[in-house]
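Novice: Sharing a structure, written as structure tokens. Questions coming.
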Amino acid sequence: MPTNPVPETYRNAVVAHIMIDGAAAAIDFYAEAFGAVELFRIDGPAGRVVHAEVGVAGSTIMLGDAEGPVFRAPTATGGTTVGLHVFVDDVDALAERAVAAGAELLQPPANQFHGDRTAILRDPFGHVWVFLTHLEDLTPEEVARRARDLFG
């Protein structure tokens, strides 16, 4: 068992900035489902969120209401091109909590060849979240060997 359930490699990663239709409701959902903590918020007219940041398991994610043709919500496009990966202490407990709050479980928690236990969920706003708990410290060569064994 590793000494830290969140590998140092992923502790300081690119900060995602997601666009949402209904950002204020999303902040409330993330608090309930993922234990997110609102770090700050800039409100705009008509109850819109210009910019907000929340912490999920110590990782920061930026979000706001979708604006214009460049920044559209997954619900407006019919899908998402981004999966949001977050390492957590207990992926099973988080998945259970998120489903109870209204997230759709796309892949139940399971141990993976890359040494992590992983669950995949879709939030009610269309974003796909990949939550992981690190189980094994593996070399890139061992991950590649396991992938070859699994995928052929």
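Novice: Alpha carbon centre of the stretch 84-152 versus the stretch 36-81: separation in Å?
Specialist: Using only Cα atoms, the two centres lie 23 Å from each other.
Novice: Percent of accessible area on the chain owned by carbon and sulfur, 1.4 Å probe?
Specialist: 56
Novice: Still on this model: Could you give the angle, 0 to 90 degrees to the nearest 10, between helix 23-34's Cα long axis and the longest principal axis of the Cα atoms of the chain?
Specialist: Its long axis makes an angle of about 30 degrees.
Novice: Could you state the accessible area per residue of the chain in Å², with a 1.4 Å probe and every protein chain left in place?
Specialist: 56
Novice: How many Å³ per residue does the convex hull of the Cα positions in the chain occupy?
Specialist: Expressed per residue, the convex hull around the Cα atoms of the chain is 125 Å³.
Novice: Summing Lys, Arg as +1 and Asp, Glu as -1, what charge do residues with Cβ under 13 Å from the Cβ of His114 carry, His114 excluded?
Specialist: -2
Novice: A further question on this structure: Would you compute, from DSSP H runs of 4+ residues alone, the mean residue ellipticity of the chain at 222 nm, taking -39500 (n - 2.57) per run and dividing by the full residue count, rounded to the nearest 500?
Specialist: That comes out to -8000 deg cm²/dmol.
Novice: What residue among Val50, Val130, Val86 shows peak mean-square fluctuation when the chain is described by a Gaussian network model with Cα springs under 10 Å?
Specialist: Checking each option, the largest mean-square fluctuation is seen for Val50.
Novice: Hey, what did the chain get for relative contact order, percent, Cα under 8 Å, at least 6 apart?
Specialist: Reported relative contact order: 23 percent.
Novice: Taking all pairs of distinct Cα atoms, average 1/r, flip it, and tell me the Kirkwood hydrodynamic radius of the stretch 66-152 in Å to one decimal place.
Specialist: Radius from the Kirkwood sum: 14.5 Å.
Novice: Under a no-solvent Debye model with one identical scatterer per Cα of the stretch 45-95, what's log10 I(q)/I(0) at q = 0.17, 0.24 Å⁻¹?
Specialist: Once normalised to I(0) and log-transformed, intensities are -0.73, -1.06.
The values are calculated or read from the model by the stated rules, or taken from the named source; none is laboratory data. Quantities reported herein were computed from a predicted structural model and do not represent experimental measurements. Backbone-built Cβ (ideal geometry, glycine too); neighbour counts: all protein chains shown. Ligands, DNA and RNA are excluded from the accessible area calculation, which covers all protein heavy atoms including side chains. Shrake-Rupley method; radii C 1.70, N 1.55, O 1.52, S 1.80 Å.
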